[in-house]
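What follows is a short report on a single structure.
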Amino acid sequence: MWIKIIIIAGIAAVTVVLLRSRGSKMLALRRLAMVVFGMVFAASVLFQDVWTVVANAVGVGRGADLLLYMFVLVMLFFVAATHLHFRGVEAQVTLLARRLALAEATPAGEAARTGDQSTEDPQTS
Amino acid sequence: MFDDTWLVVPLFNEGAVIADVVTQALQTFDKVVCVDDGSYDGSGDLAQAAGAQVVRHPLNLGQGAALQTGFEYVLADPAMQYAVTFDADGQHQVDDVVAMVELLRTGEVDVVFGSRFLDERTTPSRAKKAVLRVATGMSNLTTGLRLTDAHNGLRAFNRQALQAVHIRQNRMAHASEIVSQVAKAKLRFAESPVHVLYTDYSRSKGQSIWNSVNILTELLYR
């Protein structure tokens, strides 16, 4: 069945692309993919039989089933992309928050010194 | 006596016990830093009033992030030779920390991991024991180090070891991450028996089976 190969290849592609999605080339590819995807989808609304024809060609019974498979694949891509994006943002927020926290705290070396003074200041003893 | 040692305490909403924990630690150790990880119950102020240094995260980031912040804080103290991670909920014993630092002072190891399974003092429930065994097994598989207790909050580092550790796992998987990095940096390590005290308080918020699921997924998707 062609559909099994296509879906598994799709999942693999999603994984690979997401793992190495860096830089402007990836962004451009993503945008192009969105445009192509939109045009294909619009066309398929005008020519509804296309889904069934393609579905039969790849070994799926009905066009609606093929649509569902595609939807799941796209959904998976979206979830993974969002996850990666959030992980990046979280790493940045962490660094930012850490810098802020350390900048506002009494420095460790200084804290230690004031601690020594309070116990060893000759004037107070 | 211990002016070259820092206790690093990740702190998140432990207002009920943190003052006692800090007070008790300060009886032995001069330098205690609590990294307040966005507590909203005033834990940070309580720790400060009890005499600890407090570093405040502006928002909650997770225990791993709090530990890394604490590490970077104490590394800025040139007098720091040893740093010990210590839980804020009162389940660790200061005496155990002393033993771990003494072990580091011999110069034979760079890192000492606490383990509750090396003697008979700690009595976890059967379910907890099972969870910890699974977590330890997983950790030993992924990190390449053989430890008897992978998720123990007590760990002691010398300065060189602390510089080699960079925690990126913000949430719970940092425990295994630390072990991996210790293995990767080829640091010399030992385990030291510690007594984990399970009170009703710690039981009410301790690591449940759900938490171990979270740890596993975080490790798989790092």
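Okay, helix-only estimate at 222 nm for chain B: each DSSP H run of n ≥ 4 adds -39500 (n - 2.57), divide by all residues, round to 500 deg cm²/dmol; what do you get? Spell out each step's value before the answer.
On the way: 9 runs with 96 residues, N = 222.
Counting only the DSSP helices, I get -13000 deg cm²/dmol.
Looking at the protein assembly as shown only, what percent of DSSP beta bridges run antiparallel? Nearest 5 please.
Numbers: 7 of 26 bridges.
The answer is about 25 percent antiparallel.
Within 10 Å of each residue's Cβ, count the other Cβ atoms and sort A:W51, B:W210 from fewest upward. It would help to have the intermediate numbers written out before the result.
Working: A:W51 19, B:W210 9.
Going from least to most buried by this count: B:W210, A:W51.
Per-residue mean of other chain beta-carbon atoms within 10 angstrom of the beta-carbon, peptide A:83-94?
2
May I ask you to derive the FRET efficiency for A:V54 and A:V89 from their Cβ-Cβ distance with R0 = 30 Å, giving the value to the nearest 0.05?
Details: r = 38 Å, r/R0 = 1.25.
E between A:V54 and A:V89, to the nearest 0.05, is 0.20.
If I take the Cα coordinates of region A:2-105 and project them onto the principal axes, what are the three extents in Å, biggest first?
Sorted from largest, the Cα extents of region A:2-105 read 66, 25, 21 Å.
Please arrange B:Y82, B:Y40, B:Y198 by counting, for each residue, the other beta carbons lying within 10 Å of its beta carbon, fewest first.
B:Y40, B:Y198, B:Y82
Find the Cα radius of gyration of chain B, compare it with 2.2 N^0.38 Å by division, and give the number to two decimals. Display every interim value, and only then the final one.
On the way: Rg = 16.0 Å, N = 222, 2.2 N^0.38 = 17.1 Å.
It is 0.93.
Based on the mean of other beta carbon atoms within 10 Å per residue, what is the order of B:184-190, B:21-27, most packed first? Mind showing how you got there, number by number?
Values: B:184-190: 14.4, B:21-27: 18.1.
The peptides rank, most packed first, as B:21-27, B:184-190.
Can you list the GluC sites (Glu not before Pro) in region B:101-160 that are in a DSSP coil and have 13 or fewer other beta carbons within 10 angstrom?
On the way: sites: B:E102, B:E108, B:E120; in loops: B:E108, B:E120.
Those that pass, being in a loop and sparsely packed, are B:E108, B:E120.
Which value in Å does the Kirkwood hydrodynamic radius of the protein assembly as shown take, with 1/r averaged over all unlike C-alpha pairs and then inverted? All intermediate terms of the calculation are to be shown ahead of the outcome.
Details: mean 1/r = 0.0433 Å⁻¹.
Result for the protein assembly as shown stands at 23.1 Å.
Quick one: dipole size for the protein assembly as shown, taken about the Cα centre, charges +1 on Lys/Arg Cβ and -1 on Asp/Glu Cβ, in debye to the nearest 20.
Numbers: 31 positive and 33 negative charges, 453 e Å.
That gives the protein assembly as shown a dipole magnitude of about 2180 debye.
Please label the shape of region B:66-128 as rounded, prolate or oblate, based on the square roots a ≥ b ≥ c of the eigenvalues of the alpha-carbon gyration tensor (a/c under 1.5 means rounded; beyond that, a/b larger than b/c means prolate, else oblate). Could you put the intermediate results ahead of the total?
Working: a/c = 2.65, a/b = 1.54, b/c = 1.72.
Judged from the Cα gyration tensor, region B:66-128 comes out oblate (a/c at least 1.5, b/c at or above a/b).
Separation between the A:A33 and B:D119 pseudo-spin-labels, each 7 Å from Cα along Cα→Cβ, expressed in nm?
Those two pseudo-labels are separated by 5.8 nm.
Can you put B:I18, A:I5 in order, fewest other beta carbons within 10 Å first? Mind dumping the intermediate values first?
Working: B:I18 29, A:I5 11.
Arranged by neighbour count, lowest to highest, B:I18, A:I5 become A:I5, B:I18.
Can you tell me what share of the DSSP beta bridges in chain B is antiparallel? A percent to the nearest 5 is fine. Kindly include the intermediate steps, with their values, before the conclusion.
Values: 7 of 26 bridges.
Taking every DSSP beta bridge within chain B, about 25 percent pair in antiparallel fashion.
A short reminder: the numbers here are calculations on the coordinates, not readings from a lab. None of these values were measured; they are calculated from a predicted model. Glycine also receives a Cβ, built like all others from the backbone with ideal geometry; neighbour counts cover every protein chain displayed.
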